[in-house]
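The values are calculated or read from the model by the stated rules, or taken from the named source; none is laboratory data. This one's a predicted model, so the numbers in the text were calculated from it and none came from an experiment. All Cβ positions, glycine included, derive from the backbone under ideal geometry; neighbour counts span all protein chains shown. To get the accessible areas, we keep the full protein, side chains included, count just its heavy atoms, and leave off ligands, DNA and RNA. Shrake-Rupley method; radii C 1.70, N 1.55, O 1.52, S 1.80 Å.
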Amino acid sequence: MLFRRRKPDGLLERVRTYLWPRRSFSRSLQYFSKRILRLKATPHAVAAGVAAGVFASFFPVGFHFAIAAILCWVIAGNLVAAALAAVFFGNPLTFPLLWGASWETGKLILHDRLPAHGPPAHLGEMLHKLSFAQLWKPVLEPMLIGAIPLGLVFGLLFYGITRWGMNAFREQRRKRLAERARRHGQSTHPGGSIGSAAR
């Protein structure tokens, strides 16, 4: 493989890079944007894929890619765009914000059906034992229900942004290629207009 590191990263370095990229977050955002804009699919398909990935990021781990894939199939989205968006928006740095917002929103929706004092005091022990039955009512149910409206709002927002960006990027590229072709034609036939006028 070209440009492979002489000494591969160890496990700790790979984890650190995953949590905190070597490049700045602005450069990571630029890289993500370029990957999305250069996908060879229709603007709707790419934008729908990004929306599906953003929507799925609000759900707990384990549901991400399944939800994104199903949603892509339903709305004719691009699966690669969905995977890129799910990885970019759903990462260890954003999970606490996304899941906390989902849980709080779910609590507002289900305020009459949840215990008055929120999650049980032994929540840490339940998470350690991964007791799904015990976690469902105080934690998972409000998270899943709260993720739906948040995912819809942010998914639609990023659908609009991505589709606008795709159209603007492709129009700019079309103009650039047309200008390049015009310059190439002038350089190939420098006296074309004079010759045609003489005829």
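Observations, loosely collected:
- Look at the range 166-189: where a residue is closer than 24 Å to VAL50 by Cβ and a partner is surrounded by 10 or more Cβ atoms within 10 Å (Cβ to Cβ), sitting 6+ places away or on another chain with Cβ atoms under 7 Å, you get MET166/LEU37; MET166/PRO43; MET166/VAL46; MET166/ALA47; ASN167/PRO43; PHE169/LEU37.
- TRP99 vs. criteria free of Cβ contacts under 8 Å to residues at least 12 places away in the same chain and not in a loop (DSSP other than H, G, I, E, B): no
- Any hit, the range 54-67, residues being open to solvent by 100 Å² or more (accessible area, probe 1.4 Å), at pLDDT below 85 and not polar (S, T, N, Q): yes
- Yes/no for GLY118 being part of a loop (DSSP other than H, G, I, E, B) and either modelled with pLDDT of 90 or more or open to solvent by less than 70 Å² (accessible area, probe 1.4 Å) (or both): yes
- Among all positions in the range 48-58, there is at least one residue which is within 20 Å of ALA168 (Cβ to Cβ) and more than 10 Å from the chain's Cα centre (by Cα).
- Filtered by the rule that a residue be open to solvent by less than 30 Å² (accessible area, probe 1.4 Å) and in a helix (DSSP H, G or I), the range 68-85 gives ALA68, CYS72, ALA81, ALA82, ALA85.
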